[in-house]
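Nothing in this text is a laboratory measurement; each read-out follows from the coordinates by a stated rule. Owing to the predicted nature of the structure, the values given are computational and were not obtained by experimental measurement. Please note: Cβ atoms are built from the backbone with ideal geometry, for glycine as well, and neighbour counts cover all protein chains shown.
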Amino acid sequence: MTDDAAERPSPERPSPEPPESAEELGARLVAEVQAAGAARPGQRVLHARGIGAAGQFVSTGAGARFTRAAHLQPEMVTPLVVRFSNGSADPDASDGTRDGRGMATKFRLGDGSSTDIVALSLPMFFVRTTDDFVDFVRARRPDPATGEMDLNKVLAFLGEHPEAQAAAELSIAAPAPVGYDTVRYHSVHVFWLVGADGRRTPVRYRWQPAAGVRGLSDEEAAAQPADYLQSGLASALAAGSVRFDLEIVVGQDGDPTDDATSVWPEDRESLVVGRLELTGLADAEPLIFDPTRVTDGIDCSDDPILHARSAAYGASYAQRTTS
Ligand code: HEM
């Protein structure tokens, strides 16, 4: 082989692309979201509008059947901070807007570490891969000429991605909530609970509001002040405490564990593993809530969206804390 031939890429051995690092993936996903134009410097790139509260989590002990995680052992009481949010990148969008709602929880464990659950008002997500996430974000990007989303592009995306339809239908149908404490929040992703003997059980988390799941009609939502979810949470906390039950839904052999668009059959066993009681407002800034921040006794699943979230939240955090 001549020197010249050695420099030419061989069809049998194309020069390998270096794999994208988590940092590069996070920065790329954040840039795609920011290209829509609603995000603001110094704010979260999504779920920009939110409010923090503090309280405690009292374990029922029912989770100890599946996991050695400290906060799920019998009689454990764990302090925590929660951030409720609206999904939009626009921190000034009215609370009455139809939107996904978030509940991000950071359990402060006795050893000084923490573990997070970053949950959404939908039980499943729109996409199962990061490439599909990028296509979905691009399909929803406002047309520069009109400033409006192009419905045809969104419908074309949904036509090519039937797995996105369940989340799309639910999010269109979901009314604005009465309060942040009248929403059921879901982990969406699967996590593996790991017992003292190493036995692994796939679960999803669900926060069930003690106040029940309640929404507003469009007319009622339009009549609310723009900050009614934030002021309503403050009033609910002043009037008593705000409570949620943490349920785990237990998967069975064959249930998908790495697909954020999937849901498991309704008949899967569910158990209340603890009760969350919020007692007052708290500063949740500039905290980062990361769904992959798990403690001993909990493992992440291989869901690519779960791991992409960690990368994107890190990139968003770096930007909002340095700009
Ligand atoms: C690849 C898919 C996704 C991307 C790129 C993405 C991106 C982001 C970003 C950049 C933030 C701001 C993070 C920060 O600054 O701390 C955020 C927040 C959030 N996302 Fe996602 N997200 C994705 C999927 C999901 C899914 C599947 C859920 C469902 C549970 C979700 C729920 C939330 C919540 C609740 C917050 C607010 C967290 C907080 O209050 O700090 N996201 N997302």
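General observations
- Alpha-carbon centroid distance for the pair segment 93-139 / segment 293-319, whole angstrom: 11 Å
- Here the gap between Arg214 and Ser270, fully extended at 0.36 nm per residue and compared with their Cα-Cα distance, gives a gain of 18.0 nm.
- Kirkwood Rh (inverse of mean 1/r, distinct Cα pairs), the chain, angstrom: 21.1 Å
- At an R0 of 45 angstrom, the distance between the Cβ atoms of Ala222 and Ser15 translates into a FRET efficiency of 0.20.
- Our analysis of segment 116-179 gives Rg over Rh at 1.01, with the two radii drawn from alpha carbon positions and Rh computed by the Kirkwood formula.
- Charge-dipole axis of the chain as Lys and Arg at +1 and Asp and Glu at -1 on Cβ define it, positive-most pick from Ala168, Ser310, Pro91: Pro91
- Translational diffusion of segment 209-301, estimated by Stokes-Einstein from the Kirkwood radius over alpha carbon pairs at 10 °C in a medium of 1.306 mPa s, is 93 µm² per second.
- Electrostatic dipole magnitude of segment 23-322 [Cβ: Lys, Arg +1; Asp, Glu -1; Cα centre; debye, to 20]: 680 debye
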